[in-house]
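A.B. asks: Supplied in structure tokens, the structure appears directly below.
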Amino acid sequence: MKLSEIRKEYTIKSLDFNDVSFDPLQQFRVWLDEAIDSEVPEVNAMCLSTLGLNGFPNARIVLLKELDHGFVFFTNYESEKGQEIAANPKASLTFFWPDLERQVRIMGEIEKVSAQESDAYFNSRPKGSQLGAWTSPQSQIIENREELNSRLESMEKRFSTEPISRPPHWGGYRLLPIRVEFWQGRPSRLHDRICYQKQAKGNWDIFRLAP
């Protein structure tokens, strides 16, 4: 089949302006709960887009690990994404839940979470993931897989008799939203798009966008 012939008609749900919450984070929780209840695969997977140091947009999939007054994820601070965030702490997130024909786009500013929050999450991770945080020089060039395996063996020996502490170069970020768009697929590509824009005083403007 040609790519140009692949089509899907979206008919499952609609998004009414009068039914959404005045708070985009609350509205996101509603949609996230529905996605969880519907057993959407990788429900907390989100595309994180940052501005590369070369000036090009740079995107990758990360996992949402907490939702409070922002969207929290964890990574290596020395990774490519960490360097990009340090240089320009602004980014966007995109969630796509095809089973529900829904997409959420979020734009905002990024801050590091506290050391206590990073410690708490790191201590909840499986041992293998904890060792992985110490093992991988994320985004750096390595010779081969054997180099990574050798580093892992070294870390396993290092922490064989002591608790695995959080690496100083590893922790969490929180994206604080300034714009959030909820997209619901509709027939004939006339999709529903409800957008929230944060104002200077902290209030949210809500408006509908043309599909």
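The values are calculated or read from the model by the stated rules, or taken from the named source; none is laboratory data. Small disclaimer: the values here were computed from a predicted structure and weren't measured. Cβ: placed from backbone, ideal geometry, glycine included. Neighbour counts: every protein chain shown.
A.B. asks: Being more than 25 Å from the chain's Cα centre (by Cα) and of a type in the set (Ser, Thr, Tyr) is the filter; apply it to region 1-43 and report the residue that is nearest to TRP183 (Cα to Cα).
C.D. replies: Among those residues, the one meeting the criterion is THR11.
A.B. asks: Based on this model, can you work out whether LEU175 counts as touching an Asp or Glu at 6+ places or on another chain (Cβ under 8 Å), under 30 Å from SER124 (Cα atoms) and not β-branched (Val, Ile, Thr)?
C.D. replies: yes
A.B. asks: Please determine, by comparing only the residues of region 151-199 that are part of a loop (DSSP other than H, G, I, E, B) and among the small types (Gly, Ala, Ser), which one is farthest from the chain's Cα centre (by Cα).
C.D. replies: By that ranking, first place goes to SER160.
A.B. asks: Here's another thing I want to ask about it. Tell me which residues, restricted to region 82-93, are under 14 Å from the mean Cα position of the chain (by Cα) and over 12 Å from LEU175 (Cβ atoms).
C.D. replies: GLY82
A.B. asks: Take region 187-198 and flag every residue that is touching a strand residue (DSSP E or B) at 6+ places or on another chain (Cβ under 6 Å) and surrounded by fewer than 13 Cβ atoms within 10 Å (Cβ to Cβ).
C.D. replies: Matches in region 187-198: none.
A.B. asks: Being free of Cβ contacts under 8 Å to residues at least 24 places away in the same chain, among the charged types (D, E, K, R) and touching a Phe, Trp or Tyr at 6+ places or on another chain (Cβ under 7 Å) narrows it down to one residue among LYS198, LYS157; which is it?
C.D. replies: LYS198
A.B. asks: State whether the residues of region 133-147 include one that is at positive phi and touching a helix residue (DSSP H, G or I) at 6+ places or on another chain (Cβ under 8 Å).
C.D. replies: Checked region 133-147: at least one residue is at positive phi and touching a helix residue (DSSP H, G or I) at 6+ places or on another chain (Cβ under 8 Å).
A.B. asks: Turning to a different aspect of this structure: Considering only residues that are assigned to a strand (DSSP E or B) and of a type in the set (A, V, I, L, M), look in region 48-87 and name the one that is surrounded by the most Cβ atoms within 10 Å (Cβ to Cβ).
C.D. replies: The extreme case among them is LEU48.
A.B. asks: A further question on this structure: Do we find a residue being closer than 17 Å to ARG60 by Cβ, surrounded by 13 or more Cβ atoms within 10 Å (Cβ to Cβ), touching a strand residue (DSSP E or B) at 6+ places or on another chain (Cβ under 7 Å) and of a type outside the set (S, T, N, Q) anywhere in region 95-104?
C.D. replies: Taking every residue of region 95-104 in turn, at least one turns out to be closer than 17 Å to ARG60 by Cβ, surrounded by 13 or more Cβ atoms within 10 Å (Cβ to Cβ), touching a strand residue (DSSP E or B) at 6+ places or on another chain (Cβ under 7 Å) and of a type outside the set (S, T, N, Q).
A.B. asks: Further question on the same structure: If we scan region 108-130, do we find a residue that is outside any helix (DSSP H, G or I), touching a helix residue (DSSP H, G or I) at 6+ places or on another chain (Cβ under 6 Å) and either at pLDDT 95 or above or closer than 27 Å to GLY185 by Cα (or both)?
C.D. replies: yes
A.B. asks: What residue, among those in region 135-144 that are more than 19 Å from the chain's Cα centre (by Cα) and modelled with pLDDT under 90, is farthest from ALA35 (Cα to Cα)?
C.D. replies: GLU143
A.B. asks: Continuing with the same structure: It is to be established whether one or more residues within region 23-38 are hydrophobic (A, V, I, L, M, F, W, C), in contact with a Gly (Cβ under 8 Å, 6 or more places away or on another chain) and farther than 16 Å from ARG105 by Cβ.
C.D. replies: No, the conditions are met nowhere in region 23-38.
A.B. asks: Within region 7-42, how many residues are outside any helix (DSSP H, G or I) and more than 21 Å from ASP192 (Cα to Cα)?
C.D. replies: 3
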